[in-house]
Amino acid sequence: MKFLIVQGDITKQTADAMVNAANTSLLGGGGVDGAIHRAAGPELLRECRTLRGCETGKAKITKGYRLPAKYVIHTPGPVWRDGKSGEPELLESCYRSCLALAEEYRCRTVALPSISTGVYRFPPELAARIAVRTILEFLGRSTAVETVTMVCFDPETKAAYDRALAAALQ
Ligand code: AR6
């Protein structure tokens, strides 16, 4: 099992499954969602329309079309309000739901973005701690997934994940 943290554009990452930080409509948006839809091509939106949305904290899977990934796993993260509206539990549930689908589809490699820390304003340090803990727990019991790569778009986000991993391994 391997957990990697890299900086870059997730749409350029080759993986069996690529996770999309979507919204509950699953019909596209800005940020990483917009980048994934642009790189995948219009067939992705066509398949997403058949899914009839997704609840916050859950996940749905589609094909990857023109992306360097066999599957895209779409998850709507929580919008940060005050931290007392179930945001941490919902974020953990996003990671769990995505990884469970990757396991079900026997994916060996999974690339993930930092869910909810962009437009949805989840504090990056807390988000990174939740993501790292949930991913490490999952990797400890997964039989299909061998490598999870957290793809951070900017250096500040990568630094937050590096710190969270260092703290988790202490
Ligand atoms: N590769 C990797 N990470 C990226 C990329 C990329 N190409 N582009 C942005 N990020 P966000 P959210 C980072 O806003 O907070 C959309 O409109 C970004 O810097 O994409 O979950 C959806 O449709 C940040 O660190 O997702 C929803 O409406 C992280 O990805 C809403 O935004 C997440 O930022 C979801 O908001």
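The values are calculated or read from the model by the stated rules, or taken from the named source; none is laboratory data. Remember, it's a predicted structure, so these values are computed and weren't measured experimentally. Here Cβ is always computed from backbone atoms with ideal geometry, including for glycine, and neighbour counts include all displayed protein chains.
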G57 being buried (at least 17 other Cβ atoms within 10 Å of the Cβ) and at pLDDT 95 or above: yes
Count of residues meeting criterion [in a helix (DSSP H, G or I) and touching a helix residue (DSSP H, G or I) at 6+ places or on another chain (Cβ under 8 Å)] in the range 104-138: 14
The one condition in (1) at pLDDT 95 or above; (2) away from the ligand (no atom under 12 Å from the Cβ) that M1 fails to fulfil: (1)
Count of residues meeting criterion [crowded, with 21+ Cβ neighbours inside 10 Å and among the acidic types (D, E)] in the range 1-46: 1
Meets criteria (within 11 Å of the ligand (Cβ to nearest atom), part of a helix (DSSP H, G or I) and modelled with pLDDT of 95 or more) for C94: yes
Some residue of the range 33-54 being touching a helix residue (DSSP H, G or I) at 6+ places or on another chain (Cβ under 8 Å), in contact (Cβ under 8 Å) with a residue 40 or more places away in the chain and within 15 Å of the ligand (Cβ to nearest atom): no
